[in-house]
Structures are given as structure tokens and as C-alpha cells.
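Contents: one structure, followed by commentary.
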Amino acid sequence: MSDRLLRVNAYTTLDLVDARVRGHDFEATALGVVNVSTPRETPDHVDLQVELDDADVKSLPAHADEITLSADQARTLAGALESAANRVEGATETDDA
């Protein structure tokens with residue numbers, strides 16, 4: 001990613017994901033970064049950060065989206081992700097059989 005805003009290192013949650021950005025009059029695919037973090041001292045929230053490679057997406061300026069979640073919201077999101085992952089695995093296992 002040419003003009004990265006998020007710091008990507010060995011601790012980054014997912015540093016190369018297939019991503020898509022959609023707007024009212026455009027859609028583009030690009031590589032992206034997804035990171036989950038908390039403040040180092042006295043953590044009181046969870047940050048979910050997403051950034052797409054701006055070299056692949058000319059429709060948007062370089063930017064990163066960040067969502068601040070409470071612990072309960074983070075658990076709700078984690079549960080929804082786990083449920084969706086189970087559905088995908090179940091469908092994949094059915095296709096393989």
C-alpha cells in the first residue's frame with residue numbers, strides 16, 4: 001500500500017485482505033488492512049480499523065475508517081463473525097462432500 005495511514009507490523013490483525021469499496025456511482029476492489037486494538041494503558045474501548053490500498057482505488061482519497069466499540073459491542077461483533085464463519089465452513093464442507 002503506497003500511502004498507508006494505519007501502521008502495519010507483526011501485530012496487525014489482518015494485513016492483506018481482499019476488500020471492496022462501494023459508492024453511489026462506483027465500485028472497486030483492492031487489498032486492505034483490518035486491525036483490532038485497544039489503548040495500551042487503561043483500555044476502555046476496542047478500535048476496529050479498516051484501510052484499503054489507495055493505489056487501487058482512484059475514486060477515494062487515502063483514508064482509514066475507524067470504529068470505536070464498547071466491550072459488549074466488540075463481543076456482539078465477534079459473535080456475528082463467528083456465526084458467519086461457521087455458515088461458510090458448513091457450506092464449504094457440504095460442497096466438498
Inset, instruction - Say whether the condition of being closer than 19 Å to Arg7 by Cα, modelled with pLDDT of 95 or more and within 12 Å of the chain's Cα centre (by Cα) is met by at least one residue in the stretch 67-80. - result: yes
Legend entry - Inter-residue pairs, beta-carbon under 9 Å, first in a loop (DSSP other than H, G, I, E, B) and in the stretch 29-58, second β-branched (Val, Ile, Thr), 6+ apart: Thr38/Val46; Asp44/Thr38; His45/Thr38; His45/Thr68; Asp53/Val33; Asp56/Thr29; Val57/Val21; Val57/Thr29
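The values are calculated or read from the model by the stated rules, or taken from the named source; none is laboratory data. Here the structure is a predicted model, which is why all the values come from computation and not from measurement. We place every Cβ from the backbone using ideal geometry, glycine too, and count neighbours over all the protein chains shown.
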